[in-house]
């Protein structure tokens with residue numbers, strides 16, 4: 001079965017960019033979603049220069065009306081792969097995390113994938129081998145202090161994905177989570193400027209793993225995939 005269409009959120013940089021470029025290299029036409037048009041256009045141009053197909057679509061995934069407009073724009077076109085990659089990070093002690101900060105982290109990392117996946121479900125149902133991939137985090141399998149809001153959102157996303165996978169199992173639509181450890185992305189460097197670069201996973205590696213997940217034969221699925229640099233495991237021990 002040939003995969004032809006993908007939607008990737010947070011596609012303007014980091015993991016989203018690498019995932020979009022990998023999917024385009026494999027022959028999919030990719031819709032790049034993000035809040036910064038200039039970044040999206042740059043990635044779209046890179047893909048097109050390499051012979052791939054990409055369209056940039058400016059969208060804040062927390063904007064319900066914008067998500068509805070995007071679904072209308074797609075129309076009845078089949079979508080084979082939806083990657084819920086857009087997210088935000090918060091390093092803040094529990095005691096000083098403000099309600100507005102918590103709400104923002106939950107909106108971006110948990111609510112937005114819920115709303116977008118529901119909006120595009122009609123398109124995914126038109127695919128012969130559909131996948132929803134939610135980008136999680138190492139915090140879904142191990143606990144760290146100072147990131148309570150972020151952890152709550154990502155663990156919630158894992159639970160959402162598992163429940164939705166069960167609900168869509170009769171239709172053989174995969175719902176999977178890919179949880180990277182620390183990755184070599186702008187968001188990681190903003191959150192942890194002193195991190196040892198040797199502990200970081202390259203975003204291209206994460207994209208390779210995602211491709212393996214979405215290109216499985218129809219009806220075959222995996223979930224809760226964690227990708228880390230081996231040195232991270234040593235440090236964690």
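The values are calculated or read from the model by the stated rules, or taken from the named source; none is laboratory data. It should be emphasised that the depicted structure is a prediction, and the values quoted were computed from it without experimental measurement. Positions of Cβ are generated from backbone atoms using ideal geometry, with glycine treated the same way; all protein chains shown enter the neighbour counts.
Of all residues in the range 205-232, exactly one satisfies the criterion of being touching a strand residue (DSSP E or B) at 6+ places or on another chain (Cβ under 6 Å), in a loop (DSSP other than H, G, I, E, B) and at pLDDT 95 or above, namely 221.
Selection of the range 70-89 for residues being surrounded by fewer than 13 Cβ atoms within 10 Å (Cβ to Cβ) and assigned to a helix (DSSP H, G or I) yields 72, 73.
Scan the range 164-179 for residues that are in contact with a strand residue (DSSP E or B) (Cβ under 8 Å, 6 or more places away or on another chain) and either part of a helix (DSSP H, G or I) or at pLDDT below 90 (or both) and the total you get is 3. For the range 151-163, check the following and say yes or no: at least one residue is in a loop (DSSP other than H, G, I, E, B) and either closer than 30 Å to residue 98 by Cβ or modelled with pLDDT of 95 or more (or both). No, every residue in the range 151-163 fails to be in a loop (DSSP other than H, G, I, E, B) and either closer than 30 Å to residue 98 by Cβ or modelled with pLDDT of 95 or more (or both). Within the range 51-65, the presence of at least one residue that is at positive phi and part of a loop (DSSP other than H, G, I, E, B) is confirmed.
When you look at residue 15, is it in contact (Cβ under 8 Å) with a residue 60 or more places away in the chain, surrounded by 16 or more Cβ atoms within 10 Å (Cβ to Cβ), part of a helix (DSSP H, G or I) and in contact with a strand residue (DSSP E or B) (Cβ under 8 Å, 6 or more places away or on another chain), yes or no? The answer is yes for residue 15. Take residue 1 and tell me if it is modelled with pLDDT under 95, touching a helix residue (DSSP H, G or I) at 6+ places or on another chain (Cβ under 6 Å) and either closer than 17 Å to residue 84 by Cβ or in a loop (DSSP other than H, G, I, E, B) (or both). No; evaluated as a whole, the condition is false for this residue. Say whether the condition of being farther than 21 Å from residue 209 by Cα, buried (at least 23 other Cβ atoms within 10 Å of the Cβ) and in contact with a helix residue (DSSP H, G or I) (Cβ under 7 Å, 6 or more places away or on another chain) is met by at least one residue in the range 21-34. Among the residues of the range 21-34, at least one is farther than 21 Å from residue 209 by Cα, buried (at least 23 other Cβ atoms within 10 Å of the Cβ) and in contact with a helix residue (DSSP H, G or I) (Cβ under 7 Å, 6 or more places away or on another chain), which makes the answer yes.
In this structure, does residue 40 turn out to be assigned to a helix (DSSP H, G or I), modelled with pLDDT of 95 or more and either over 14 Å from residue 9 (Cβ atoms) or in contact with a strand residue (DSSP E or B) (Cβ under 6 Å, 6 or more places away or on another chain) (or both)? In short, yes.
Filtered by the rule that a residue be free of Cβ contacts under 8 Å to residues at least 40 places away in the same chain and assigned to a loop (DSSP other than H, G, I, E, B), the range 18-34 gives a lone residue, 27. Only residues that are buried (at least 17 other Cβ atoms within 10 Å of the Cβ), closer than 21 Å to residue 181 by Cβ and out of contact with any strand residue (DSSP E or B) (no Cβ under 7 Å at 6 or more places or on another chain) were counted across the range 93-148, and they come to 6. Beta carbons closer than 8 Å, at least 6 apart along the sequence or on distinct chains, never pair a first residue in the range 199-213 that is in contact (Cβ under 8 Å) with a residue 24 or more places away in the chain and at positive phi with a second that is surrounded by fewer than 22 Cβ atoms within 10 Å (Cβ to Cβ) and assigned to a helix (DSSP H, G or I).
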